[in-house]
Amino acid sequence: LLANKIPTMFNLPDIVHFISNTIKDIVKLTYFNSSTTILRGVITKFYKLHLGEAKLNIVHVICGTGKGLDSTGETCFGTVIIAAWAYQLNIPSIRKLVKHGQFNIGEFGSCFEEASQPSFEFEFDLSQLIKLGLPALKALTCLEANKATVGDVYIFWHAMMWSIKKTLDNPKSGIPTTSSWNS
């Protein structure tokens, strides 16, 4: 190793991959299974049917939504959190399409009925996923910079972990205690 030959060099693991794995671990929690299944299913439906995507773009103009849906890719870091955030912005547009019968969401239709329990639960779980994943995504974005230093790694890692812990420790967040998580 190069770090063995240069005594002043820090041997740090690839922090960007560590943070990406943190995001993956959050997404894989059974608590989020339902919401990630719906998220991926609806996004897939829109991307497979170009007419649905075209109709969604029209409704974006009506609803004033500037951001479209993002896919939950496997290769880029944090794409599930980015997709969840974009999806959250698109819920009013998707709800309008489903309500007026212009797009069939199939098995996910109940998640777009206004003031329904499935809709409330899905939106709440989605917001919790974003709240837990966003600190990691922000740290990841900053640490991918060309001029990130060892000090930056230290600060962003601790800030990310503090923010996630703060969310998990908040009894008002609705996220279950660690004893009930099975990943």
Seminar exercise, completed: Per the 1/(1 + (r/R0)^6) rule, R0 = 35 Å and r from the Cβ atoms of LYS24 and LEU49, FRET efficiency to 0.05 is 0.80
Problem set entry | Candidates ASP14, ASP169, ASP70, ranked by Gaussian network fluctuation over the chain, Cα under 10 Å, top entry | ASP14
For this session: Could you do me a favour and compute the accessible area per residue for the chain, 1.4 Å probe, result in Å²?
Result: 60 Å²
Seminar exercise, completed: Quick tally, 1.4 Å probe accessible area for TYR154, TYR31, sorted with the most first, runs TYR154, TYR31
Seminar exercise, completed: The FRET efficiency for ALA159 and PHE124, from their Cβ-Cβ distance with R0 = 30 Å and rounded to 0.05, is 0.75
Exercise. By accessible area of protein heavy atoms, probe 1.4 Å, what ranking do CYS111, CYS63 get, highest first?
Worked result: CYS63, CYS111
Exercise. Under Stokes-Einstein, with the Kirkwood radius over Cα pairs standing in for Rh, what whole-number D in µm²/s applies to the range 108-157 at 25 °C and 0.890 mPa s?
Worked result: 187 µm²/s
Problem set entry | Unit Cα scatterers, Debye sum, the chain: log10 I(q)/I(0) for q = 0.08, 0.18, 0.19 Å⁻¹ | -0.32, -1.18, -1.26
For this session: Using only the Cα atoms of the range 97-182, build the gyration tensor, take square roots of its eigenvalues as a ≥ b ≥ c, and label the shape rounded, prolate or oblate: rounded if a/c is under 1.5, else prolate if a/b is larger than b/c, else oblate.
Result: oblate
Exercise. Pick from ASN21, ASN170, ASN146: which is most flexible by mean-square fluctuation in a GNM of the chain where alpha carbon atoms under 10 Å apart are linked?
Worked result: ASN146
Exercise. Which GluC sites (Glu not before Pro) from the range 73-142 combine a DSSP loop assignment with at most 11 other Cβ atoms within 10 Å?
Worked result: GLU74, GLU114
Exercise. Rank ARG95, ARG40 by accessible area, highest first, at a 1.4 Å probe radius?
Worked result: ARG40, ARG95
Exercise. With a sphere of radius 13 Å drawn around the Cβ of ALA136, what net charge do the other residues whose Cβ falls strictly inside it have (Lys, Arg +1; Asp, Glu -1)?
Worked result: +2
For this session: Let me know the number of lysine pairs in the range 1-142 closer than 18 Å at the Cα, not counting same-chain pairs under 8 apart.
Result: 11
Problem set entry | Summed side-chain charge close to ILE19 - residues other than ILE19 whose Cβ falls under 14 Å, Lys, Arg +1, Asp, Glu -1 | -2
Exercise. For the chain, what % of the accessible area comes from carbon and sulfur atoms, probe 1.4 Å?
Worked result: 59 percent
Seminar exercise, completed: At q = 0.14, 0.23, 0.26, 0.27 1/Å the base-10 log of I(q)/I(0) from the Debye formula over the alpha-carbon atoms of the range 34-116 is -0.42, -1.18, -1.48, -1.56
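The values are calculated or read from the model by the stated rules, or taken from the named source; none is laboratory data. Computed from a predicted structure; not experimentally measured. Counting neighbours? That spans all protein chains shown, and the Cβs are built from the backbone with ideal geometry, glycine included. Each accessible area value is taken on the protein alone, full model and side chains, heavy atoms only, with ligands, DNA and RNA left out. Shrake-Rupley method; radii C 1.70, N 1.55, O 1.52, S 1.80 Å.
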